[in-house]
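Each value in this text was obtained by applying a stated rule to the coordinates, not by laboratory testing. Keep in mind it's a predicted model, so treat the numbers as computed, not measured. Note that each Cβ is placed from the backbone with ideal geometry, even for glycine, and that neighbours are counted across all protein chains shown.
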Amino acid sequence: MTADIDEFRTQVRKFIEANAPDGTWSDGVRVPRDAETERRVRDWYVALFEVGYIGGGWPERHGGRAGHTPRHDAVVMEEIVRARVPRPIDQVLLAAHLIITFGTDEQHQRYLPRIRSAKDIWCQLFSEPGVGSDLARLTTKAIRLPDGNFRVDGQKVWTTDGQWAQGGVLLARTDSAAKPHAGLTVFLLDMSTPGVDVRPIREMTGSAEFCEVYLDDVIVPETQVLGEVNRGWGVVNSGLASERAYVGANAVMLDLLFDDLIELAQYIELPGGTSAIEDPVIRDGIAGIRARVGAVALIAAEAVEKLGTGTDDPADGLIAKLAYTELNVAMCAHAMTILSAGVLRPEGEPVHARWRQAFLWSRALTISGGSSEIVRNVLATQLLGLPRSW
Ligand SMILES: Cc1cc2nc3c(=O)[nH]c(=O)nc-3n(C[C@H](O)[C@H](O)[C@H](O)COP(=O)(O)OP(=O)(O)OC[C@H]3O[C@@H](n4cnc5c(N)ncnc54)[C@H](O)[C@@H]3O)c2cc1C
C-alpha cells in the first residue's frame, strides 16, 4: 500500500507540473477576477476530474476510479497545496457528495456530469444574517405551492463562490411548526432562477470571495428537493465529513508557511543593521512555532493513516482543524511582529505580499466550517463526554 501511494504521489506531482494553470494563487483569492482566469481554472478542474484525481472516489458508474481510496484523495490535496495551485472547491465536493448520497437517478444524471466537466460550480446557501453557528434556527422559508413546487423567500450570507456558481445547495425551512432541526429541507437551486440576487461582499483582503444572496419569490420545482422534505438536517450534516480530505493538506500548508516565516525573518533588517533571524526573541518565537508545526503534522499524519485503514473518527478532522487554524493565526501574528521590527531588504520582496495576504485571511479559517469555539464545544461534549453548559 505504501509503495502504491508513493508511486501515486509521484504521478500526481508530474501531472500538476504539466497541467496546473499558470499564475500566482493563494488561499483567500479563489474567485476568478476575469473571464480568461475563469477559463483556465475551470480547465484545470476538468483535467483533475478526467484523470480521476478529483471525483476518483465516486461510484464507478458516475466516473470514479477503481481502487481509489480516501488515502489517494489526501495525497492529491497535499500535492495541490504543496504546488500552490488552485484547490478543488470544497463547496463543489460537498455538493457532489450530497447529490451522490441523497440524489435520485434523475438528479445524478442531470448534475454529476456537469460537475465533472466543470460547467457547474456549486455554492452552499446555509448561513443567514444572525444565523451561523446555530444553523438550525435559520428563517429562509420554502412554502409548498398547490402544484407541488416551492416558493422560497429569505436571505443568505457568506456564500463562498456565489458569484460564479451555477448551482446552490440551499437549506430552507419547510415546516415552521416543527422543532428547529426537524422542519428543514435541502434544495438543489439553479442560481439563474428569477428572484435569486447575488451580491459579492468585498473583504479586507481586497478580494470578494463570498456573497450575500437574496431569495425573493424564487420558484423551485419539487424535483429539486434533495433527500426528503423536512429531513434536510441529516443531509447537510452528512456532508461536513467530506472536509476530512484536507487534513493532510493543511499540515503541508503550515510547512510552506513556516518556510515563508524563515524567509521573512531573513529579509527584515533590524535598526542595528542585523537580520531579524539573528534576534533571540524572534528566534525563540520561531522555535516555538516549529514545535507546534511538528505537532500538527503528527496529528494530521495520524488522521490520514486512520483514513487509509478506515478507522477514522469524525473527531479527527475537528481536532486537526482546530490545531491547524489556530496555529495558522499564531504564525501570522508572529510574522507581523517580525515585519514591524525592522525594514524589508530588498524592498518589495514578494514574501512580504504573501504574508500580508496570509495574515488578513487567517482569521477566516477559524470561523468557516465551524468556529474554534464551536469545535471546542463539540469535542468537549461529544468526544470527552463533558456536560453541555449552554
Ligand atoms: C471563509 C468563510 C467561508 C464561508 N463560506 C460559507 C458558505 O459558503 N456558505 C455558508 O452558508 N456560510 C459560509 N460561511 C459562514 C460560516 O458558516 C459562519 O460564519 C459560521 O458558521 C459562524 O457563524 P456566524 O458568522 O453567524 O457567527 P456566530 O455564530 O454569530 O458566532 C459569533 C461568535 O460567537 C461564538 N459562538 C457562537 N455560539 C457559541 C456557543 N454556543 N459557544 C461558544 N461560542 C459561541 C462563535 O465561535 C463566534 O466567535 C463562511 C465563513 C467564512 C469565514
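Numerical summary
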{"quantity": "Rounded FRET efficiency, nearest 0.05, which uses the C-beta distance separating VAL51 from ASP6 and R0 of 25 Å", "calculated": "0.90"}
{"quantity": "Under 18 Å from the Cα of LYS14 - aspartates and glutamates, other chains or at least 8 residues apart", "calculated": "ASP4, ASP6, ASP22, ASP43, GLU50, ASP73, GLU78, GLU79"}
{"quantity": "Reciprocal mean inverse distance between Cα atoms of the chain - Kirkwood radius, Å", "calculated": "22.5"}
{"quantity": "FRET efficiency for VAL378 and THR274, using Cβ-Cβ distance with R0 set to 41 Å, rounded to 0.05", "calculated": "0.35"}
{"quantity": "Cβ-placed point charges (K, R +1; D, E -1), dipole of the chain about Cα centre in debye, nearest 20", "calculated": "520"}
{"quantity": "Label point at THR223 placed 7 Å out along Cα→Cβ; residues across segment 184-201 whose backbone nitrogen lies under 18 Å", "calculated": "187-194"}
{"quantity": "Contact order normalised by residue count of the chain, Cα under 8 Å, 6+ apart, percent", "calculated": "14"}
{"quantity": "Long-range HN-HN contacts of VAL157 with modeled amide H, under 5 Å", "calculated": "SER127, GLU128, VAL213"}
{"quantity": "Magnitude of the charge dipole, segment 2-88, Cβ model with Lys/Arg +1 and Asp/Glu -1, debye to 20", "calculated": "140"}
{"quantity": "Calculated FRET efficiency for the pair ARG345/ARG283, C-beta based, R₀ 22 Å, to 0.05", "calculated": "0.75"}
{"quantity": "Helical contribution to [θ] at 222 nm, DSSP H n ≥ 4, -39,500 (n - 2.57), averaged over the chain, rounded to 500", "calculated": "-15500 deg cm²/dmol"}
{"quantity": "Dipole of the chain [Lys/Arg +1, Asp/Glu -1 at C-beta], most positive-end residue of ALA165, MET204, VAL29", "calculated": "ALA165"}
{"quantity": "Whichever lysines have a C-alpha closer than 20 Å to that of LYS306, once near sequence neighbours (fewer than 8 apart) are set aside", "calculated": "LYS321"}
{"quantity": "Relative packing of 199-206, 132-139, which averages over residues the other C-beta atoms within 10 Å, highest first", "calculated": "132-139, 199-206"}
{"quantity": "Contour minus Cα-Cα distance for ALA83 and ARG363 (0.36 nm per residue)", "calculated": "98.5 nm"}
{"quantity": "Candidate lysines - alpha carbon under 25 Å from LYS141, same-chain residues fewer than 8 apart omitted", "calculated": "LYS156, LYS179"}
{"quantity": "Charge dipole of the chain about the Cα centre (unit charges at C-beta), most positive-ward option of ILE5, ILE338, VAL235", "calculated": "VAL235"}
{"quantity": "Estimated vicinal HN-Hα couplings, Hz - segment 194-209 in sequence order (Karplus 6.51, -1.76, 1.60; Gly, Pro = x)", "calculated": "x, x, 9, 10, 9, 10, x, 10, 7, 9, 5, 6, x, 8, 10, 8"}
{"quantity": "Segment 2-88, relative contact order in percent, only Cα pairs under 8 angstrom and at least six apart counted", "calculated": "36"}
{"quantity": "Rounded to the nearest 20 debye, dipole of segment 327-390 from Cβ charges on Lys, Arg, Asp, Glu", "calculated": "120"}
{"quantity": "Whole-Å distance, taken between Cα centres, linking segment 5-48 and segment 153-180", "calculated": "29"}
{"quantity": "Spread of Cα-to-Cα distances over 5 Å intervals beginning at zero, given as percent, for segment 240-383", "calculated": "2, 10, 19, 19, 17, 12, 9, 7, 4, 2, 0, 0"}
{"quantity": "For segment 51-66, 3J(HN,Hα) per residue [Karplus equation, 6.51 cos²θ - 1.76 cosθ + 1.60, θ = phi - 60°, Hz, x = Gly/Pro]", "calculated": "7, x, 7, 10, x, x, x, 5, x, 4, 5, 9, x, x, 9, 4"}
{"quantity": "Cα gyration tensor shape of segment 127-182, rounded if a/c is under 1.5, else prolate or oblate by comparing a/b with b/c", "calculated": "oblate"}
{"quantity": "Local electrostatic count, ASP153, Cβ distance below 14 Å [Lys/Arg +1, Asp/Glu -1]", "calculated": "+1"}
{"quantity": "Debye intensity ratio I(q)/I(0), log10, segment 174-310, q values 0.12, 0.22 Å⁻¹ (C-alpha model)", "calculated": "-0.83, -1.23"}
{"quantity": "Under 5 Å, built H, 5+ apart or other chain: amide partners of ARG65", "calculated": "GLY57, TRP58"}
{"quantity": "Relative contact order, percent, segment 240-383 [alpha-carbon distance under 8 Å, six or more residues apart]", "calculated": "33"}
{"quantity": "LEU226 long-range amide H proximity, modeled H, under 5 Å", "calculated": "VAL186, PHE187, LEU188"}
